[in-house]
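Here's the structure we're looking at; comments come further down.
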Ligand code: SF4
Ligand code: SF4
Ligand code: SF4
């Protein structure tokens with residue numbers, strides 16, 4: 001087990017009890033954590049193992065995706081691969097338009113959908129500037145990346161992170177200064193997708209090409 005995984009499990013173990021507590025209400029899973037992902041674009045070679053793992057783990061219907069990998073030709077002609085998914089925005093524009101409160105943000109930074117409250121109006125899908133949401137063709141409710149909440153609250157890394165053969169995706173708690181994700185985000189030259197929107201994305205990239213930043 002590498003250091004990042006040990007760090008993650010140590011942190012995640014502390015919140016299992018909270019997640020299982022019946023009084024742990026929607027939006028209150030925090031315990032001071034702030035989940036985020038760091039993506040090293042140079043390490044992604046477009047194998048799509050993350051996409052397949054996400055689909056299998058989350059029973060994502062055929063033809064729709066919670067994560068995808070874009071092939072980008074840079075200005076100098078070189079090709080890079082950029083994994084994308086919901087950014088779990090700090091100021092998520094998808095939350096406010098939801099008429100039922102089905103889309104909500106947790107205290108520890110996840111943006112989630114409560115299927116039981118979702119009426120399938122699609123307002124959140126239209127409001128997301130990243131195209132990260134879709135209407136589930138089977139359930140008829142809004143669907144998107146959950147940061148694999150069912151896994152992280154049980155001390156396991158998100159399926160896409162675990163499946164990546166090169167370690168291009170790093171997941172953890174930004175409020176823990178010793179977590180690998182913190183060290184990358186606070187110590188490096190990271191970028192976010194579409195910063196001008198002011199959404200505060202929690203997917204941080206190293207090497208995001210200018211061609212996808214706009
Ligand atoms: Fe909402 Fe889109 Fe931001 Fe995800 S990326 S939190 S779906 S606005
Ligand atoms: Fe809310 Fe569901 Fe409508 Fe999205 S589709 S805005 S989650 S009710
Ligand atoms: Fe899919 Fe989970 Fe990765 Fe989100 S964190 S893209 S739901 S595998």
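Listed conditions (1) in a loop (DSSP other than H, G, I, E, B); (2) under 16 Å from the mean Cα position of the chain (by Cα) are all met by residue 176, apart from (2).
Checking each residue in the stretch 130-158 for being away from ligand 3 (no atom under 14 Å from the Cβ) and either surrounded by 15 or more Cβ atoms within 10 Å (Cβ to Cβ) or in a strand (DSSP E or B) (or both) picks out 135, 141, 155. Just one of the numbered conditions (1) within 16 Å of ligand 2 (Cβ to nearest atom); (2) at pLDDT below 95 is not true of residue 145: (2).
Look at (1) touching a helix residue (DSSP H, G or I) at 6+ places or on another chain (Cβ under 9 Å); (2) at pLDDT 95 or above; (3) surrounded by 14 or more Cβ atoms within 10 Å (Cβ to Cβ); (4) farther than 22 Å from residue 200 by Cα and you find that residue 24 fails only one, number (2).
Residues checked against (1) more than 16 Å from ligand 1 (Cβ to nearest atom); (2) closer than 19 Å to residue 203 by Cα; (3) modelled with pLDDT of 95 or more:
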| residue | (1), (2), (3) |
| --- | --- |
| 122 | no, no, yes |
| 128 | no, yes, yes |
| 131 | no, yes, yes |
| 138 | yes, no, yes |
| 164 | yes, yes, yes |
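Before we move on, is residue 171 modelled with pLDDT of 95 or more and under 18 Å from residue 90 (Cβ atoms)? Judged against the criteria, residue 171 is a match.
Selection over the stretch 101-129 of residues that are away from ligand 3 (no atom under 15 Å from the Cβ) and outside any loop (DSSP other than H, G, I, E, B) gives a count of 8. Determine, yes or no, whether residue 98 is within 9 Å of ligand 2 (Cβ to nearest atom) and touching a helix residue (DSSP H, G or I) at 6+ places or on another chain (Cβ under 6 Å). Considered against the rule, which asks whether it is within 9 Å of ligand 2 (Cβ to nearest atom) and touching a helix residue (DSSP H, G or I) at 6+ places or on another chain (Cβ under 6 Å), residue 98 comes out as yes. Scanning the stretch 85-100 for residues that are within 25 Å of residue 205 (Cβ to Cβ) and in a loop (DSSP other than H, G, I, E, B) yields 86, 87, 88, 89, 90, 91, 92, 93, 94, 95.
For the stretch 159-191, filtered to residues that are under 25 Å from residue 58 (Cα atoms) and surrounded by fewer than 18 Cβ atoms within 10 Å (Cβ to Cβ), the residue that is nearest to ligand 3 (Cβ to nearest atom) is 162. Applying the criterion of being surrounded by fewer than 16 Cβ atoms within 10 Å (Cβ to Cβ) and either free of Cβ contacts under 8 Å to residues at least 12 places away in the same chain or farther than 22 Å from residue 199 by Cβ (or both) to the residues of the stretch 65-108, the residue that is nearest to ligand 1 (Cβ to nearest atom) is 71. One residue stands out in the stretch 50-64 among those that are part of a helix (DSSP H, G or I) and in contact with a helix residue (DSSP H, G or I) (Cβ under 8 Å, 6 or more places away or on another chain): the one that is surrounded by the fewest Cβ atoms within 10 Å (Cβ to Cβ), namely 56.
The values are calculated or read from the model by the stated rules, or taken from the named source; none is laboratory data. A quick note: this is a predicted structure, and the numbers were derived from the prediction, not measured. Reconstructed Cβ throughout: ideal geometry from the backbone, glycine too, with neighbour counts over all protein chains shown.
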